[in-house]
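Here's the structure, in structure tokens; my notes come after.
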Amino acid sequence: MSAPLILGIESSCDETGVALVRGNELLIDAVASSVDEHARFGGIIPEVASRAHLEAMVPTIERAIVGAGVTLRDVDAIAVTAGPGLVGPLTVGASAAKALAVALGKPLYGVNHVVGHAAVDQLVHGDFPERFMALVVSGGHSSLLLVDDIATKVDELGSTLDDAAGEAFDKVGRLLGLPYPGGPHVDRLAREGDPLAIRFPRGLSAAKDQAKHMYDFSFSGLKTAVARWVEAHTDAGTPIPMADVAASFAFAVADVLTAKTIAACKRNDVDTLVIGGGFSANSQLRELAAARCEEAGITLRIPPIRFCTDNGAMIAALGSAVVRAGVAPSSLDIPVDSSMPLTTITV
């Protein structure tokens, strides 16, 4: 008997994602992005994003169904992002999923967006081991998760106390006069610079912070340090070595993320690390994680860049895992939760 066919809907921010997954096989992943509409504002405007989701939702669902060569009646269950994310965009996706569930008479599963960023790796590298570590890094999240079962048991070991990694990159990009979103532009610029040119601080890495914040992250102080460094050189009338600033900043972020994550793997006797989320596309993070995992004897799994940003495949993948694990469906009146705990996989 074939695995159930899961329709996944993602709408937590500015991407309208719809995908169809059977088991660990991705049939189609359709995405409509409104990022260009937000560029002139220098950030995501929830009302603009919500309206974009309303306009894109039905066409994206239709595109996915046609592309997969199936009908809506073939779908066995519907998974949708219930949180965390922006309330307006989440509500659009949840409303669409509920309407489909009622019209088709199919079970509905409200799932966790952040856990989905880890779950999508199953579509690329196959089933997860019994226990693994997941580092999910994006514009809004920098979270370290100990996963015993992607469908039923996830423990959050640490998270960001202020700016997430991707958020810090966007702010530094703005500081350096780069286009929005700043992350990819800072990453490209960093490849041309010397990561050891400037010693920027590593947040929550001092001995005094380890006891209370062993696995937590903080990038606000780093962002401020970059701003002060640039300001001091500007006031002195000296040229700003943009590439070196970007490279040194990017290396500081990757250094903290990988050092704390590898330490967590060792302390919890975990030999597999999954990295996901939009910021996992960052080249320095990928290179440093690969080198440190190899040195520590840890298997590193990072999905292709197209699965790192928000997409329907991650939600369909998590929905598939949840359905196959026998988790009970969600009720049709599930709320959306902008600050959903990461230990909550389904609602």
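The values are calculated or read from the model by the stated rules, or taken from the named source; none is laboratory data. Keep in mind the model is a prediction, meaning the values are calculated, not measured. Note that each Cβ is placed from the backbone with ideal geometry, even for glycine, and that neighbours are counted across all protein chains shown. All accessible areas refer to the heavy atoms of the entire protein, side chains included, with ligands and DNA or RNA removed. Shrake-Rupley method; radii C 1.70, N 1.55, O 1.52, S 1.80 Å.
Under a plain spin-label model, where a point goes 7 Å from the Cα along Cα-to-Cβ, how far apart in nm are Ala39 and Asp148?
Taking the simple label geometry, Ala39 and Asp148 are separated by 4.7 nm.
Given the peptides 159-171, 54-66, 106-118, 293-305, arrange them by the average over their residues of other C-beta atoms within 10 Å, most packed first.
Packing proxy ranking, top to bottom: 106-118, 159-171, 54-66, 293-305.
Just subtract the alpha-carbon distance of Arg131 and Ala259 from 0.36 nm times their residue separation and send over the number in nm, one decimal.
Roughly 44.1 nm would be gained on extension.
If the reach is capped at under 14 angstrom between alpha carbons, list the aspartates and glutamates near Lys153, excluding any in the same chain fewer than eight residues apart.
Glu130
How big is the Cα convex hull of the range 121-181 in projection, averaged over all directions, in nm²?
5.4 nm²
Report the label-to-label distance for Arg174 and Ala232 in nanometres (one decimal), using points 7 Å from each Cα along the Cα→Cβ vector.
2.4 nm
Report the accessible area of Val323, computed with a 1.4 Å probe over the heavy atoms of all protein chains in place, in Å² rounded to the nearest 10.
About 40 Å², rounded to the nearest 10.
Would you please give the FRET efficiency between Val66 and Asp269, computed as 1/(1 + (r/R0)^6) with r the Cβ-Cβ distance and R0 = 45 Å, to the nearest 0.05?
Result of the calculation: an efficiency of 0.45.
Taking only DSSP H segments of four or more residues, each worth -39500 (n - 2.57), what value at 222 nm results for the chain once the sum is divided by all its residues, to the nearest 500 deg cm²/dmol?
Helices in the chain give a 222 nm mean residue ellipticity of -14000 deg cm²/dmol.
Counting C-alpha atoms alone, how compact is the range 158-227: give Rg to one decimal and Dmax as a whole number, in angstrom.
13.1, 39
Could you work out Rg/(2.2 N^0.38 Å) for the range 265-307, with Rg from alpha carbons only?
In units of the 2.2 N^0.38 Å rule of thumb, it is 1.15.
For the modelled label position 7 Å from the Cα of Ser339 along Cα-to-Cβ, which residues of the range 124-155 have backbone nitrogen atoms closer than 13 Å?
none
Please give the residues of the range 140-156, grouped as numeric ranges, whose backbone N is less than 13 Å from a label point set 7 Å along the Cα-to-Cβ vector of Ser283.
Correct set: none at all.
How long is the range 287-347 along each principal axis, judged by its Cα atoms, biggest number first, in Å?
If we take the Cα atoms of the range 287-347, the spans are 48, 24, 21 Å.
Could you give the angle, 0 to 90 degrees to the nearest 10, between helix 312-324's Cα long axis and the longest principal axis of the Cα atoms of the chain?
Here the helix axis deviates by roughly 60 degrees.
Tell me, what % of the accessible area of the chain is carbon and sulfur with a 1.4 angstrom probe?
The computed percentage sits at 54.
In whole Hz, what ³J(HN,Hα) sequence does the range 165-172 give by Karplus (6.51, -1.76, 1.60; θ = phi - 60°), x for Gly and Pro?
Working through the residues one at a time gives 4, x, 5, 4, 4, 5, 5, 5 Hz.
On a C-alpha basis, how far is the centre of the range 59-98 from the centre of the range 118-153 in Å? Whole number, if you could?
Going from one Cα centre to the other spans 22 Å.
Return the Rg/Rh ratio of the range 178-327 with Cα-based radii and a Kirkwood Rh.
Ratio value, two decimals: 1.03.
Compute the Rg/Rh shape ratio of the chain: radius of gyration over Kirkwood radius, all on alpha-carbon atoms.
Ratio of gyration radius to Kirkwood radius: 0.99.
With the cut-off at 1.5 for a/c, could you classify the range 26-180 from its C-alpha gyration tensor as rounded, prolate or oblate?
Cα axes put the range 26-180 in the oblate bin.
Net charge near Leu26, counting Lys/Arg +1 and Asp/Glu -1 over other residues with Cβ under 13 Å of its Cβ?
The answer is -1.
Where does each of Glu10, Glu287 land when they are ordered by accessible area, with a 1.4 Å probe and the largest first?
Descending accessible area places them as Glu287, Glu10.
With +1 assigned to the C-beta of every Lys and Arg and -1 to the C-beta of every Asp and Glu, and no other charges, what is the dipole magnitude of the chain about the Cα centre in debye, to the nearest 20?
Here the size comes out at about 160 debye.
Rule-of-thumb check for the range 1-96: C-alpha Rg over 2.2 N^0.38 Å?
Taking N as the residue count of the range 1-96, the ratio is 1.11.
Can you compute log10 of I(q)/I(0) for the range 241-333 with the Debye formula, treating each Cα as one identical point scatterer, at q = 0.15, 0.19, 0.26 Å⁻¹?
-0.73, -0.97, -1.24
Could you check the simple spin-label distance between Ala325 and Glu294, using points 7 Å along Cα→Cβ, in nm with one decimal?
For the pair Ala325/Glu294, the computed spacing is 3.3 nm.
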